[in-house]
Structure formats: structure tokens, C-alpha cells
1. Output the 0 to 90 degree angle, nearest 10, between the alpha-carbon long axis of helix A:131-140 and the longest principal axis computed from the alpha carbons of chain A.
2. Using DSSP to call loops (not H, G, I, E or B), can you name the GluC sites (Glu not before Pro) in region A:101-203 whose Cβ has at most 15 other Cβ atoms within 10 angstrom?
3. Can you list the trypsin sites (Lys or Arg not before Pro) in region A:147-203 that are in a DSSP coil and have 14 or fewer other beta carbons within 10 angstrom?
4. With a ≥ b ≥ c the root eigenvalues of the C-alpha gyration tensor of chain B, is it rounded (a/c under 1.5), prolate (a/b larger than b/c) or oblate?
5. In nm, to one decimal, how far is the B:Arg147 label point from the B:Val120 one, both placed 7 Å along Cα→Cβ?
6. Residue by residue through region A:99-105, what is 3J(HN,Hα) from phi via Karplus (6.51 cos²θ - 1.76 cosθ + 1.60, θ = phi - 60°)? Round to whole Hz and write x for glycine and proline.
7. When the chain is fully extended, how far beyond the present Cα-Cα distance does B:Glu181 get from B:Ser213, taking 0.36 nm per residue of separation?
8. Would you order B:Thr143, A:Thr39 from fewest to most other beta-carbon atoms within 10 Å of each residue's own beta-carbon?
Amino acid sequence: MILRVSALVALLAVAGLGCRQDMHDQPKYKPYRQSEFFTDGRAMRPLVAGTVAQGTLRDDTALFTGKSGGDFVTEIPLAVTADLLERGRSEFQVFCSPCHGRTGKGDGMIVQRGFKRPTSYHVDRLRQTPVGYFFDVITNGYGAMSDYAAQVPVEDRWAIVAYLRTLQLSQYAPAADVPADRKAELEASLQALDAHEAAGEGH
Amino acid sequence: MSQLFHPAANSIAKISVVAGALAAGLVAILVLFVLPRSSYVTRQHEARVQPVPFYHAHHVGSMGIDCRYCHTSVDRSAVAGIPPTKTCMNCHSQIWNQAPTLEPVRESWRTGQPIEWVKVHDLPDFVYFNHSAHVNKGVGCSTCHGRVDKMSFVWQEESLLMEWCLECHRQPEKFLRPKSEVYDITYQAPANQLEMGHQLVKEYDVYPQVTCSTCHR
């Protein structure tokens with residue numbers, strides 16, 4: 001009996017030895033893993049300054065800096081399509097609306113919690129600045145706003161700029177631009193808005 | 001000499017053989033089938049304490065910041081990505097910039113030493129997983145991660161066992177949602193999920209593989 005019990009215990013112990021986690025935790029690096037070799041503990045190494053990976057030579061200055069010959073470009077250096085605007089809308093809502101608000105008035109949630117209030121996009125100065133300026137602000141930051149170069153890739157930055165222009169237009173379109181067959185719709189919604197504000201609920 | 005064992009010992013011996021076999025079977029079932037699925041092994045629902053009391057419940061739940069603001073690479077690469085200290089400083093240069101709870105963040109910003117977040121979800125190294133393949137085909141964050149917007153410290157909502165992956169790979173229509181809803185953490189599946197799911201499978205051309213080399217490569 002004692003023999004059998006000890007045989008069983010030995011068997012279990014051997015089986016237990018098999019339960020090592022070597023294949024679960026292999027001695028290799030995956031993204032975000034810790035490294036004991038480098039002093040900052042990062043397995044992911046920062047790029048050496050000045051590195052240019054294949055295919056990422058930024059020789060198109062208008063596209064990558066928003067400037068050409070020292071001046072801000074006035075035209076978006078990508079084809080502005082409905083897809084680009086749609087992309088711009090989603091990226092704007094992710095990265096900019098927390099502070100600038102969904103309509104760009106500068107009343108986002110983080111501003112309500114105490115962040116410096118940015119100027120509304122719907123002022124004459126910003127309606128008239130060339131598109132390159134907006135690209136530059138996203139890429140390099142502006143005052144209290146830090147840059148978004150690491151979070152937003154170049155094409156997406158231009159998509160956001162295109163959407164910014166759309167936002168500005170949405171708050172400042174001349175009535176003459178409204179197609180004749182949609183005029184009635186506009187009148188109706190304006191009247192509804194007036195009634196709403198007259199009732200004192202609006203803002 | 002009197003008998004050493006009472007005659008009843010015969011039946012006790014018989015019963016103990018059967019009972020012993022049953023007990024061994026039970027232990028085997030426990031060890032092979034129940035234990036590996038238990039939260040003791042999978043660490044399901046176990047919130048990990050982090051070096052900074054960063055709460056998704058505040059940032060996502062009450063402020064409505066989108067997942068992609070911080071997990072920027074989730075729709076572009078295999079890993080969702082953990083935000084660098086710079087991302088925190090976008091806001092915390094001004095907000096709560098004196099708070100002692102945020103001192104580790106400011107220290108990391110000053111010294112360049114990364115914050116050492118504790119990893120919550122950790123598949124074994126022999127498994128390959130890819131975020132972009134899922135979120136770009138209509139699998140939402142909350143399907144796999146649960147209601148992160150209600151968590152203070154994050155925990156793992158699902159078992160992450162192979163059977164869990166396969167359940168969906170075999171029948172994706174039970175879980176798919178429109179692409180526009182992928183990042184909506186409060187999304188509720190509609191009543192006609194199966195109907196919509198079948199339609200989305202066709203529309204997005206969704207055919208998840210169950211061959212071993214899909215995940216073990």
C-alpha cells in the first residue's frame with residue numbers, strides 16, 4: 001500500500017514537472033515587452049535620430065510639412081473625395097473633438113474640465129488662413145496644444161484639414177450656395193430653429 | 001485465532017475500489033477540464049493594480065474619449081498599443097498637473113523612462129492574434145473586452161481560451177456588428193442579430209479560419 005501511494009505521489013510529481021510554462025513565455029521579444037538588456041527597460045527601441053526607413057523619404061514638402069517655399073500651401077495636396085472627408089470626420093471626432101468640440105466651437109469635454117479654451121474655428125481669421133496652417137498646427141502643436149504627429153499619420157492629418165474646412169462651411173455658407181430645389185427645406189428648418197429659440201430652450 | 005477482519009470488510013473493500021476509481025475520475029475531470037477553465041488559471045475578471053490609478057471609467061465612461069485616441073494602432077496593426085507618456089501629457093500638462101497621483105506620469109515625462117503598466121491580457125507566446133483583422137471586419141472592442149468604460153482598473157472579461165476564439169470563428173454572425181459601431185463601447189446587439197450577422201458576413205466578406213496555422217504560426 002505504502003509503495004502504491006508513494007508511486008502515485010511520484011507520478012503526480014513527474015506530471016507536475018511537465019507543467020512548465022516555457023512555451024507560454026518564450027525567451028523572445030514581442031511589442032511592448034520588457035527587456036533586461038536595455039537600461040530604459042524597453043524591448044522596442046526608439047529610432048536613431050535621422051533614420052529614414054525604406055519608402056518613407058519625405059521629399060514632398062507640401063504633403064509632409066504643409067508648406068511650399070516657406071509659405072503655407074493653400075490647396076490640400078491630396079485628392080479631396082467623399083472618402084477622404086468621411087475619414088476626416090471620424091479622425092476629427094477621435095483626436096480633436098475632446099477639446100475643440102464636435103462642431104469646432106472650442107467647447108469640448110476636456111475644455112469643460114478645465115483645459116485652456118481654444119479659439120472657435122468659426123472666426124474670420126481661421127476661415128481665411130490657408131489649409132497648410134492647420135496641417136502645421138496638427139504636426140507641430142500650437143501654444144497649449146501639443147502636436148498630434150505621433151498619433152495621426154500624414155494622410156489622416158490632411159483628411160482632418162479637409163473636414164475642418166467642411167465644418168467651417170457648415171456654419172458659414174452663403175444662402176446663394178444652397179441648390180434651388182433644397183431652399184424650401186432650409187427655410188423650414190430655420191423657422192423651426194427660430195420657434196425653438198423663442199420658446200427659450202435653445203442654445 | 002479470531003478473524004482479523006469482520007465479514008463486512010469484504011464489501012467495504014469492494015466499495016472502496018469502486019469509490020477510489022470514481023474519486024480518481026473526478027480528480028481527473030477537475031484537473032483536465034474544470035481547472036483550466038477556472039478563473040484561477042485564466043485570471044478572468046481579476047483587475048490588476050497599475051502603477052498609476054488610470055481609470056477607463058473616467059476617461060472613456062464619463063469623458064467619452066475614443067479608444068483610438070490612446071490605442072492608436074488598433075485598426076492598423078496586430079497590437080492595439082499602449083499609449084506613450086506623451087499622450088497623457090497632451091491633457092495632463094494642464095489638467096491635474098499638480099496631483100500627486102499623476103507624479104509617476106510626470107516623472108516618466110521628465111526622465112524618459114516609460115511607465116511600467118501591468119499586462120492584463122496575455123495570450124501564450126505560441127498564439128498569434130491580430131487586432132486590425134478583427135476591428136476592420138466588424139468585431140467590436142466590447143465583444144472581447146467587455147464594458148471597459150465601467151472599469152476602474154482593467155480586467156480580462158473573457159477566458160481567452162482556444163475554445164472561446166473558435167466559438168466565434170465558427171459562427172461569426174452571432175457577434176458581428178456594423179463597422180461604424182466597432183468603437184462604441186455601449187453598443188447593444190439588436191434583437192435580429194443573426195439576420196443582421198448573416199448579412200454583414202456577406203457584405204464584409206468575413207470568413208474566419210479555423211485551421212491551426214491561422215493562430216499557431
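We did not get these values from a lab; they are worked out from the coordinates using the rules stated. Note that the structure is a prediction, hence the values are computed from the model and not measured. All Cβ positions, even for glycine, are placed from backbone atoms using ideal geometry, and neighbour counts span all protein chains on display.
1. 30 degrees
2. Those satisfying the criteria are A:Glu201.
3. Sparse-neighbourhood loop trypsin sites (Lys or Arg not before Pro): none present.
4. Oblate.
5. Once both label points are built, they end up 1.4 nm from each other.
6. Per-residue couplings from phi come out as 9, 7, x, 5, 9, x, 7 Hz.
7. Working: separation 32, 0.36 × 32 = 11.52 nm, distance 2.98 nm.
Full-extension gain reported as 8.5 nm.
8. Ranking B:Thr143, A:Thr39 by Cβ neighbours within 10 Å, fewest first, gives A:Thr39, B:Thr143.
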